[in-house]
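Worksheet for the structure shown next.
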Number of protein chains: 4
Amino acid sequence: MPIPLGRPANPEARAQRRAQIIKGARTCFLRKGFHAATTAEISAEAGVSVANLYQYFPTKDDLVQALIEDDLAEDLALVRLVDEAGSLREGLARIDTLLAAEPDYAEQTRLKLEIIAEAARNSQIAAVVSAADARMVAAMITLLERRQQAGEVRPEADPVVIAELILALYDGLYGRLAFSGANQARMTRAASQMIIDAFANPPHPSD
Amino acid sequence: MPIPLGRPANPEARAQRRAQIIKGARTCFLRKGFHAATTAEISAEAGVSVANLYQYFPTKDDLVQALIEDDLAEDLALVRLVDEAGSLREGLARIDTLLAAEPDYAEQTRLKLEIIAEAARNSQIAAVVSAADARMVAAMITLLERRQQAGEVRPEADPVVIAELILALYDGLYGRLAFSGANQARMTRAASQMIIDAFANPPHPSD
Amino acid sequence: MPIPLGRPANPEARAQRRAQIIKGARTCFLRKGFHAATTAEISAEAGVSVANLYQYFPTKDDLVQALIEDDLAEDLALVRLVDEAGSLREGLARIDTLLAAEPDYAEQTRLKLEIIAEAARNSQIAAVVSAADARMVAAMITLLERRQQAGEVRPEADPVVIAELILALYDGLYGRLAFSGANQARMTRAASQMIIDAFANPPHPSD
Amino acid sequence: MPIPLGRPANPEARAQRRAQIIKGARTCFLRKGFHAATTAEISAEAGVSVANLYQYFPTKDDLVQALIEDDLAEDLALVRLVDEAGSLREGLARIDTLLAAEPDYAEQTRLKLEIIAEAARNSQIAAVVSAADARMVAAMITLLERRQQAGEVRPEADPVVIAELILALYDGLYGRLAFSGANQARMTRAASQMIIDAFANPPHPSD
DNA sequence: GATGAATGAGGGTTCATTCAT
DNA sequence: TATGAATGAACCCTCATTCAT
């Protein structure tokens, strides 16, 4: 085991600075979009020099990709949140509560539009998005199958199809909320209700 | 309104060339996005010189805006299609048929993602998009109210909210179809069914 | 034959501007070398905007290559000059006279050092240099064979080898003259004499 | 000169590391040229950190200069080799033998092209090159004068001029060999022969 | 002495836009 | 009107060099 000479590498500091850059990038991408945001703006926003940014992300595209991976992980967390609840109704209610508490969630979601649009052109990003989405759809399907076995979801419904529809509904809703004047909390609840009405069995009399 | 005198220019030729440029722009924007598509590419695609393009659209942004207006008109046509059908069920079925016949509709939808993302940054475009969307929502609400009065839509449903949800569902669905491998026709039918299940009264036994 | 509309292309003006840019590039490359000379400097020297330069040479490398081709053509002209003279002695004398009249020829030759050094790394440029050099060597060989048949060059000498040596001598001489303080005209004459002494038969008594 | 006290640093280790860096630099400069080779590449090649390189050479230019001094010393050794031989013919024969044994000598010569080109722009380097060259020319002149007194070199020849020509011939030859396909050993012998034919008296019948 | 981290100053190239014919 | 030619303003990225440990 050779004794390492010189200044020792500090992985924590690196990780922190990396996150700092991604945060700055998120702000700028949100404000200007992937293409219009410049590396100079991003590094200024992150409080870093441009050259330093390039030591963490060898390419602007790499930065975009890192941010996307970071971003898509959050969506998966939402699915898990629903899954951990006792029932679909309860899970959706939690979503409603959570999103009601984050009034600028719609704002953040704008990035997803950008991401999907970008995925349509950049095959590398398309791969990242597809992979993340596949994981999310899979989690959703598992969740729905479980609820179906528990008798909460109608037996004739196809979990694969429903999963896609539910994700589409939320994607579309938050996409629209970014520019329509509709009330975010209200529309989120309405979406939950729509899902219940469309796919759930009527509640047991004992509920 | 008579053709103004003293203008030797040929309005028909102008309109035709304008459309030709917009068509080229659509191709390029679809391929590369608003920012990455260059005026050089667009004019090449349209078979026009760059300088000539600038005689029809004084700015790239103007071209984008013209294309967006052109584009948003199509969506409104879909709402009218539903409205002209005898019932919500029938209208949605027509949508299903129509979209099944255009297998690359999802592809074209990518432009809408770009448009919305752009609207979030460009206030002029935001105005255009909002206005077009407001018209569409209004048409949708009117349609739903009529169906509600006809007893087809559940009386407790709020047409304003439902309209948003339905539009969100389709937006989100076609956004997802642009990169997920799901079957477009099948998912379109499933969306129709979801709408029926969530908002419609059960069909009369006589139906 | 379709009638060309719009501003007609002007090939002469283009050729002139192209030459103008190459001239500016030569000045800058001479002053700073291929790598250190910037496109900004070159275009300033040529009295052109940077963007305009890029309409004539899509890449800095392309500009370098064009200049090299331009440059190597001159050397070939020198060989032809010797060939057109009645004898090797007469031809070399003409070279001496010509170079004596251009006191900064050594200065210009510095570019050839740069060119060869660059050829060692850039395969595209290597191809250009090799091709041009092959033409020059071939012309030299032909010349020497003719002089050999005329009895002026020693019969046992191999024109292929001599050609290389003569070119090497001049290359090396002008390379050295670029930094040594030696007298250009004198050294040029000495080189001619060396060639005569090494390869020529003694002059006929009738000469 | 006693080793200065109060300097705990290990001079041997320093010298070794210095040589290690110069070696890495030579490799990189040969591969890419002075300007295109980066300090990062050089230190990687030398197995050293960039910051460490800067503790040995405060500037990239200083590194270049050190390497050049290192390099020019070798040429002088060749002149001495000839001088130590009994005759010019014998000395040139030894050169032929030596260079025949180093088939990639031409490759290394590429650095000299780079050096001369650089000298044309960097006055500091020009001084180094001029000084080294002056030493070499002086050694060459001394050598030739001795051979002239020994009756081997023609009496009417000017050693100052011949020295320049001989150096020019070798410089040019190895410059050309770097990219022409000619055979190095054969051309080296031919150059020796050319020198003999041009400047030497015919051998004594007793030789 | 040695290393990892950071940066200011460009460098080549592109692009929306304008000018001249 | 329509085109070829031209340009200023950036943009992404690199690199020699310095700082901190």
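Rounded to the nearest 10 degrees, the angle from helix C:88-101 to the longest Cα principal axis of chain C is 50 degrees. Restricting the GluC sites (Glu not before Pro) of the range B:130-195 to loop positions (DSSP other than H, G, I, E, B) with no more than 11 neighbouring Cβ atoms within 10 Å leaves B:156. Each of residue A:27 and residue B:186 was given a label point 7 Å from its Cα along the Cα-to-Cβ line. The distance between the two points is 4.6 nm. In the range A:160-207, Rg over Rh equals 1.08, where Rg is the alpha-carbon radius of gyration and Rh the Kirkwood radius from pairwise Cα distances. Given Cα pairs under 8 Å that are at least 6 residues apart, what percent is the relative contact order of the range C:60-199? 31 percent.
Taken residue by residue and averaged, Cβ atoms of other chains lying within 10 Å of the Cβ of A:23-35 number 2.
Across identical copies of the chain, residue A:14 has label-point separations of 3.2, 5.2, 6.2 nm, listed in ascending order, with the point defined 7 angstrom from Cα along Cα→Cβ. Where does the Debye-calculated log10 I(q)/I(0) of the range A:79-144 sit at q = 0.15 Å⁻¹, using only Cα point scatterers of equal weight, no solvent? Debye intensities relative to I(0), on a log10 scale: -0.64. What the Cβ-Cβ distance of residue D:101 and residue A:131 gives, at R0 = 45 Å and to the nearest 0.05, is a FRET efficiency of 0.15. Under the convention that each Lys and Arg Cβ holds +1 and each Asp and Glu Cβ holds -1, the size of the dipole of the range C:23-127 around its Cα centre is about 260 debye.
Dividing the Cα radius of gyration of the range A:1-112 by its Kirkwood radius returns 1.12 for Rg/Rh. Scaling against 2.2 N^0.38 Å puts the C-alpha radius of gyration of the protein assembly as shown at 1.42. Which shape class, rounded, prolate or oblate, goes with the range C:1-58 when its Cα gyration tensor gives a ≥ b ≥ c as root eigenvalues, a/c under 1.5 marks rounded, and past that a/b bigger than b/c marks prolate? Prolate shape, in that a/c is at least 1.5 and a/b is the bigger ratio.
Considering every residue in C:128-140, what mean count of other chain Cβ atoms within 10 Å of its Cβ is obtained?
For peptide C:128-140, the averaged partner shielding equals 1.
Fully extending the segment from residue C:20 to residue C:154 would add 43.7 nm, taking 0.36 nm per residue of separation and subtracting the current Cα-Cα distance. Remark: spin-label model distance residue D:124-residue A:85 equals 7.1 nm, labels positioned 7 Å along the Cα→Cβ axis. Distance between the 7 Å Cα→Cβ label points at residue C:5 and residue D:145: 8.3 nm.
Please work out the Cα convex hull volume for the range C:128-207 and give it in Å³ per residue. Provide the component values of the computation, followed by the final result.
Details: hull volume 7.9 nm³, N = 80.
That works out to 99 Å³ per residue.
Peptides C:7-13, A:39-45 ordered by packing proxy, namely the average of other Cβ atoms within 10 Å per residue, highest first: A:39-45, C:7-13. Cross-link pairs exceeding 25 Å between alpha carbons, from the set B:60/B:112; A:32/B:32; B:60/C:60; A:112/B:23: B:60/C:60; A:112/B:23. About the centre of its Cα atoms, chain D shows a dipole size close to 560 debye [charges on the beta carbon of Lys, Arg (+1) and Asp, Glu (-1) only; nearest 20 debye]. Between copies, the label points of residue A:50, set 7 Å from Cα on the Cα→Cβ line, lie 1.1, 1.6, 2.2 nm apart, reported in increasing order to one decimal in nanometres.
Principal-axis analysis of the Cα atoms of chain A puts helix A:123-149 at an angle of about 30° to the longest axis. Remark: mean inter-chain Cβ contacts per residue of C:6-12 equal 1, using a 10 Å Cβ-Cβ cutoff to other protein chain atoms. The other copies place their residue B:126 label points at 3.2, 5.7, 6.1 nm from this one, listed shortest first, where each point is 7 Å from Cα along Cα→Cβ. A P(r) calculated from all alpha carbon pairs of chain A, with 10 Å bins opening at zero, reads 8, 29, 29, 20, 10, 4, 1, 0 percent.
Read-outs throughout are calculated quantities, based only on the coordinates presented, and are distinct from any laboratory measurement. Keep in mind it's a predicted model, so treat the numbers as computed, not measured. Cβ atoms come from the backbone with ideal geometry, glycine included; neighbour counts cover every protein chain shown.
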